[in-house]
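The values are calculated or read from the model by the stated rules, or taken from the named source; none is laboratory data. Predicted model only: the values in this text are computed from it and were never measured. Reconstructed Cβ throughout: ideal geometry from the backbone, glycine too, with neighbour counts over all protein chains shown.
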Amino acid sequence: MHLTPKAKLLDNTYNKSELLRLLSSTFIVEQCDNDADSSIVDAALTAADDDAVEVRAEDADVFIMLVHHSSDINHPVFVTTSKSSYNVKKNCDALTERQRRYLLFLHAFIDCDTFFCDHVAR
């Protein structure tokens, strides 16, 4: 059996379109023209009004944005990476209001785009 690497498979526009079509038959799929992080966070927080949500993201941007904006969510939100799953609400609750307020600035200032696993509660 021949396996195609994920990067090569997704380099092809037709393959990407077909994958989105297949996924959208089972999952809620939102296609974004530019940077998707804000759209992902918005969709996750909206969905968390009704049910628990799992967001799959490899970089820290989505997680940081969710923690910053999730103080009033009704249901659990988890960010899952290839290495672990992180409870957004648990991390949000561990921060003071002041820390949450400056979280986005500090993340941008530090320019860290990977998960800092030693400091994040699972």
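Residue-by-condition table, conditions (1) within 15 Å of the chain's Cα centre (by Cα); (2) at pLDDT 85 or above:
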site	(1), (2)
MET1	no, no
LYS6	no, no
THR13	no, yes
LEU22	no, yes
ILE28	yes, no
GLN31	yes, no
ASN34	no, no
ASP42	yes, yes
ASP49	no, yes
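Being exposed (fewer than 13 other Cβ atoms within 10 Å of the Cβ) and of a type in the set (Asp, Glu) holds for only one residue in ASP59, ASP42, ASP51, ASP93, and it is ASP51. Filtered by the rule that a residue be small (Gly, Ala, Ser) and at pLDDT 75 or above, region 81-122 gives SER82, SER84, SER85, ALA94, ALA108. Give me a count of the residues in region 31-78 that are touching a residue at least 24 places away in the same chain (Cβ under 8 Å) and part of a helix (DSSP H, G or I). Of the residues in region 31-78, 15 are touching a residue at least 24 places away in the same chain (Cβ under 8 Å) and part of a helix (DSSP H, G or I).
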